Amino acid sequence: MTRRAVLLGPAVLTASVGTWHLTALSAKDPFFPTPMDVGRRAQQLWFSSNPEASPHTGLLEHVLPSVLRAVGSWAGAVVVGVVVGLWLGRSALHAWADPLLQLARALPPPLLVPLTLTLLPWGTPLQVAVIFMGCLWPVLVAAVDGSREVDGMLIATARLNGATGIRLLLRVIAPAAAGRITAGVRISLSLALVLMVVSEMVAATNGIGYQLIDAARTFDAAGLWASVVLLGVLGSALNTALIGAERRLLPWLHRSAPTVRNMPHA
């Protein structure tokens, strides 16, 4: 990454916040607070404790449970989706399961909330189930497609060298399908935050989604904006962490092709 690229991000963020501040000051709308108002409200919501009501801060009572539900359910969906998807993609059962996969892929993930409400108890089990199921399908479908797109010559060569069964799946098919799988994993991470918020709006007494809908009901504009900003920060942080993990675990996906300048001369 060049020095210009490193400086560009903070510069754009500063300019955006400055534009927001000036626009809010000129609008003088109580439902369009300034960044300073949002920051003060965020401090009250998540970093201040009320000894009479609760000895804990909102960070422990609302933000941490939301993050644990989202990340834990997403991680479980990734593990199950990759393992089952790689196996199903190379299995004869794929022809039977493909119509169900395509139907599940077409369903809007928030639809899981009302469906799950009729099957599970209200609260954390429902939220975990909604996030898990919503994140499962993108990873599962990506793993199935990736495993089926592996070059047949590569698989035949590996079998000639004695790779069969689990060894073939883990040492040959999984690395070759990693590019498609990581795309599904990134999509599922975004869905995890969406479904976390939606499920907490409907069936929770804590969490970021609960605070967001509570702020909307009480016309707490600064609290509403603070929740939106927090979700943006969380999404960016989780995506950055995921990219860092990909670079460490799957380095071949991030190796750039050699440029003309670096290519050896004939």
Among 223, 244, 209, whose mean-square fluctuation peaks in a Gaussian network model of the chain (Cα, cutoff 10 Å)?
-> 244
Hey, in the GNM for the chain with a 10 angstrom Cα cutoff, which one of 12, 80, 128 fluctuates hardest?
-> 12
Expected field for residue 13, accessible surface area in Å² at 1.4 Å probe radius, rounded to 10, holds 110
Inter-label distance, nm, simple model (7 Å from Cα along the C-beta direction), residue 29/residue 44 | 2.1
Pairing the Cα long axis of helix 178-202 with the longest principal axis of the chain, what angle in degrees results, from 0 to 90 and rounded to the nearest 10?
-> 30
What value, in deg cm²/dmol to 500, does the helix sum -39500 (n - 2.57) over DSSP H runs of n ≥ 4 give at 222 nm once divided by the residues of the chain?
-> -23000 deg cm²/dmol
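So what is the accessible area of the chain per residue, in Å², with the probe set to 1.4 Å?
60
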Taking the Cβ-Cβ separation of residue 22 and residue 160 as r and a Förster radius of 51 Å, what is the calculated FRET efficiency to the nearest 0.05?
-> 0.15
Can you tell which of 237, 178, 143 shows the greatest fluctuation in a Gaussian network model of the chain with Cα springs below 10 Å?
-> 237
P(r) of the chain over all Cα-Cα pairs, 10 Å bins starting at 0, rounded to whole percent, reads 6, 22, 26, 23, 14, 7, 2, 0
Expressed in µm² per second, the diffusion coefficient of region 139-201 from the Stokes-Einstein equation, with Rh the Kirkwood radius over alpha carbon pairs, at 25 °C and 0.890 mPa s, is 187
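Given a 1.4 angstrom probe, I'd like the percentage of the accessible area of the chain that is carbon and sulfur, rounded to a whole number. Don't skip to the answer; put the middle values down first.
Values: 10890 of 16000 Å².
C and S atoms contribute 68 percent here.
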Where does each of 78, 139, 17, 83 land when they are ordered by accessible area, with a 1.4 Å probe and the largest first?
-> 83, 17, 78, 139
Region 110-266, dipole about Cα centre (Lys/Arg Cβ +1, Asp/Glu Cβ -1), debye to the nearest 20 | 740
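Using 0.36 nm times the number of residues separating residue 170 and residue 239, minus their current alpha carbon distance, what extension gain do you get?
Roughly 22.3 nm would be gained on extension.
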Find how much the distance from residue 4 to residue 122 grows on full extension, using 0.36 nm per residue of separation minus their present alpha carbon separation; answer in nm with one decimal.
-> 37.5 nm
For region 86-131, what number results from the quotient of the Cα radius of gyration and 2.2 N^0.38 Å?
-> 1.49
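I need the calculated FRET efficiency for the pair residue 149 and residue 60, taking r as the beta carbon distance and R₀ as 51 Å, to the nearest 0.05.
0.70
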Separation of the residue 96 and residue 80 label points, Cα + 7 Å toward Cβ, nm | 2.0
Leaving out ligands, DNA and RNA but keeping every protein chain, what accessible area does residue 247 have, in Å² rounded to the nearest 10, with a 1.4 Å probe?
-> 130
At a probe size of 1.4 Å, how large is the accessible area of residue 225, to the nearest 10 Å²?
-> 80
Region 126-241: Kirkwood hydrodynamic radius (Cα pairs, Å) comes out at 16.7
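The values are calculated or read from the model by the stated rules, or taken from the named source; none is laboratory data. The model shown is predicted, which means the values in this text are computed figures rather than measured ones. Backbone-built Cβ (ideal geometry, glycine too); neighbour counts: all protein chains shown. Note: areas computed on protein heavy atoms with side chains; ligands, DNA, RNA excluded. Shrake-Rupley method; radii C 1.70, N 1.55, O 1.52, S 1.80 Å.
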